[in-house]
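In what follows, a single structure is set out as structure tokens and then discussed.
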Amino acid sequence: MVELPVDNLLLNVFIIFLCIFGLFASRHVFHEKYVRWILLLLPSTAVVLCMTFPFTLFPGQLYDLRLVVILLSILYGGIGPGLAVTTTSFVYRYVIGGSGFLQMLLTFTPILVLAFYINPRFVRYSKAKKVVVAALLNAAPVVLNIMVVILRYPIEPKHLWFLCEWGIVEVATTVMVVFLIDTVRSNVEMRHHLQELEKVQLVNSLTASIAHEIRNPLTVSRGFLQLLQENNSEQTRRDYLNIVLGELDKASSVIDEYLSLSHPQLNNMERVNVSQLIQQSLASITPYATLHNVSVIQNLETDVYMSIDGERFSKCVLNIMKNGIEAMPKGGTLSVQIRRRRRAVGITVSDTGIGMTSEQIQRLGKPFYSTKHKGTGLGLMTSYRFIQLMKGQIQVTSKVNAGTTFSVSLPVSDTQPSVVESAAELENATHPTADLASENWN
């Protein structure tokens, strides 16, 4: 019995799949104008390599899996790539020589013409129909080759078995590749669809959040402005105006917060005393803590200097402290600590509140995610972004009903971060479980 050479067979299959994966990868690596050339060069190279490592039945008769590549180039690539790959295969087969060249023209030409005819409709077929059509187009040359061999050569059962094995392998490879291509394409389209849905949901959340945050102070302001029309004492009118100005300041701060998200930047980089900034933040937050029956414990190393944006840093720390206080509705203890090590400064904020699950920790810092019922998540999201912009990292550890610890690590360096960094560089910078430096801040 004449057997197929397994090494050449596997090499042909490997070449085809390598070509397919190369085409998919090129769309993510190269510019669109280069992808068009790759769409021509990769299949043409695959065809040449398949023909370089063929199976042989009779002298001058070469059998390989080149037709798989040619048909897929026509059906998926269109007229341009299809003609390029077809021409390459014909020219190279002519260069190789042998009596099989005319046989190839006879068996391949009608099938390839049919493939070009099907091409405009092929993209609209279902996955199952594509598999069936591609398999039939590939099986037809096998039948034609068997007929030609029977007419030209004294055929034996072993020769017929050889041709059947070759045909089965070629059709099976075509089916697998078509299935793979359509599966990958479906997954890519689904991913793009989900991304578009996420964008729409993000816009909806942004719109609702802005409307909610701006409407409340405007509603309050409108109410007190209406009260000003009544006959009130001068002191009452001044009190109403102060309330209106306060509410308008709230609306302005919300707008500033949204703007800082869209254009995150560090404006006032200077060498500051971090310990002093933390003490000032604690002085600001202590009345709020007292109101919520929360005691504040501090353990701060003195005279810790760093080159940071002091204003942004203070806002980030205040946001974390405020979240810690609000996580203790029945009161508790808020602990703040500063430790300096050789390579970094660590700021730890711990509470004894309700805690969080691992799933909640994973979502911290994401757009519009908050563990609070009426929270927007903007404060913590801003904190994550600006800590990362200052080359720092945040780690969160928590246990349900036991409390949460936020650990902020900022590197000690003589060089300052860039004054302005693009928001695109921060897309992957808000993950709450980013590893801290090797120091232990506990």
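The values are calculated or read from the model by the stated rules, or taken from the named source; none is laboratory data. Here the structure is a predicted model, which is why all the values come from computation and not from measurement. Cβ coordinates were reconstructed from backbone atoms using ideal geometry, including for glycine residues, and neighbour counts include every protein chain displayed. Quick note on the areas: whole protein, heavy atoms, side chains included, nothing else; ligands and nucleic acids left out. Shrake-Rupley method; radii C 1.70, N 1.55, O 1.52, S 1.80 Å.
Note on surface exposure: 292, 193, 159 rank 193, 292, 159 by accessible area, highest first, 1.4 Å probe.
Considering every pair of different Cα atoms, what Kirkwood radius, in Å, is found for segment 233-364? Computed over Cα pairs of segment 233-364, the Kirkwood hydrodynamic radius comes out at 17.2 Å. Over all Cα atoms in segment 130-218, the spread is summed up by Rg and Dmax: 28.0, 95 Å. For segment 236-361, the share of accessible area belonging to carbon and sulfur comes to 50 percent (1.4 Å probe, ligands and nucleic acids excluded).
For residue 56, the solvent-accessible surface computed with a 1.4 Å probe is close to 90 Å², ligands and nucleic acids excluded.
Counting charges near residue 141 (Lys, Arg +1; Asp, Glu -1) among other residues having Cβ under 11 Å from its Cβ returns a value of 0.
Sorting 334, 136, 300 on solvent-accessible area from highest to lowest, probe radius 1.4 Å, gives 136, 300, 334. Take segment 77-203 with all the other protein chains still there, run a 1.4 Å probe, and you get 56 Å² of accessible area per residue. Placing +1 on each Lys and Arg Cβ and -1 on each Asp and Glu Cβ, with no other charges, gives segment 109-254 a dipole about its Cα centre of roughly 620 debye. Note on segment 9-115: with neighbouring protein chains present and a 1.4 Å probe, carbon and sulfur make up 77 percent of its accessible heavy-atom surface. Computed with a 1.4 Å probe on the full set of protein chains, the accessible area for residue 405 sits at about 30 Å². Remark: accessible surface ordering of 165, 230 (largest first) is 230, 165, probe radius 1.4 Å. Give the shape of segment 184-235 as rounded, prolate or oblate, defined through the alpha-carbon gyration tensor: a ≥ b ≥ c are the square roots of its eigenvalues, a/c under 1.5 means rounded, and otherwise the shape is prolate if a/b is larger than b/c and oblate if not. It is prolate, given that a/c is not under 1.5 and a/b is the larger ratio. Among the trypsin sites (Lys or Arg not before Pro) within segment 106-175, those in coil by DSSP and having at most 11 neighbouring Cβ atoms inside 10 Å are 124. Semi-axis lengths, largest first, of the ellipsoid equivalent to segment 116-162 are 32, 12, 4 Å, with √(5λ) applied to each eigenvalue of the Cα gyration tensor.
Only protein heavy atoms count here; on that basis, with a 1.4 Å probe, residue 49 has an accessible area of about 70 Å².
Using a ≥ b ≥ c from the Cα gyration tensor of segment 54-212 (square roots of the eigenvalues), is it rounded, prolate or oblate, where a/c under 1.5 gives rounded and otherwise the larger of a/b and b/c decides, a/b for prolate? Note, shape of segment 54-212 comes out prolate. Model label sites at residue 195 and residue 296, defined 7 Å from Cα along the beta-carbon direction, differ in position by 4.5 nm. For the cross-link pairs 250/315; 130/158; 250/322; 250/391, the ones whose C-alpha atoms lie over 23 Å apart are 130/158; 250/391.
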